[in-house]
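Since the structure comes first, as structure tokens, the remarks are kept for the end.
The values are calculated or read from the model by the stated rules, or taken from the named source; none is laboratory data. The model shown is predicted, which means the values in this text are computed figures rather than measured ones. All Cβ positions, even for glycine, are placed from backbone atoms using ideal geometry, and neighbour counts span all protein chains on display.
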């Protein structure tokens, strides 16, 4: 299953984790790689909560820790403004208790040292998000064979199909893709390929149907590209 385009909240959550771990993290070694982000929108207000593990050898004391947390909050606030005009509130490490000295300070930069090591069956879906208000598969995409594990391949492919249609077909406001396989059948001929479309005002389904079907058929015919992209590290599975 896949959908596109991402909502403002989804985009903010995705970009926050990605950019904190990449560009920001490279310049701020005090920020560990274990970053979790939750986004919630109510009306015109978006609430973003970030759990960011800090690395102790780069934190000289409590003041330095507070500064590091504040810097992450400022960075995420500015990032969010790139994607929305709504009011945004950012919270970082909300479980911290400065009075008792209980803070998210780690040696490794991850929560693994506290026994929270996760597993392949939980966590982000193929598009890098957990979206309980969207149609999504419970199939884990990481740690599976990219050659013939259909749960992995179809989740990645449906996300690619949704993104392609949203980017290339004018008049499509929202798209959900559901693919179902049948054992023994070629993977480029799914048992079900279901496309749910919401169009812009003034655009009818008949106006976009042919373009959508053409793109879906093209993506299905090139399904083996998913395997190649995963093997080459070009396609993320989480």
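A compact table of results
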read-out: From the options 28, 3, residue that is touching a residue at least 40 places away in the same chain (Cβ under 8 Å) and surrounded by fewer than 21 Cβ atoms within 10 Å (Cβ to Cβ); value: 28
read-out: Selection status of residue 177, within 16 Å of residue 220 (Cα to Cα) and in a strand (DSSP E or B); value: yes
read-out: Given (1) at pLDDT 95 or above; (2) crowded, with 17+ Cβ neighbours inside 10 Å; (3) touching a helix residue (DSSP H, G or I) at 6+ places or on another chain (Cβ under 6 Å), number of the condition residue 127 does not satisfy; value: (1)
read-out: Only listed residue being over 30 Å from residue 197 (Cα atoms) and surrounded by fewer than 18 Cβ atoms within 10 Å (Cβ to Cβ), chosen from 84, 107, 135; value: 107
read-out: Criterion (part of a loop (DSSP other than H, G, I, E, B) and in contact with a strand residue (DSSP E or B) (Cβ under 7 Å, 6 or more places away or on another chain)) met by exactly one of 141, 89, 77, 94; value: 94
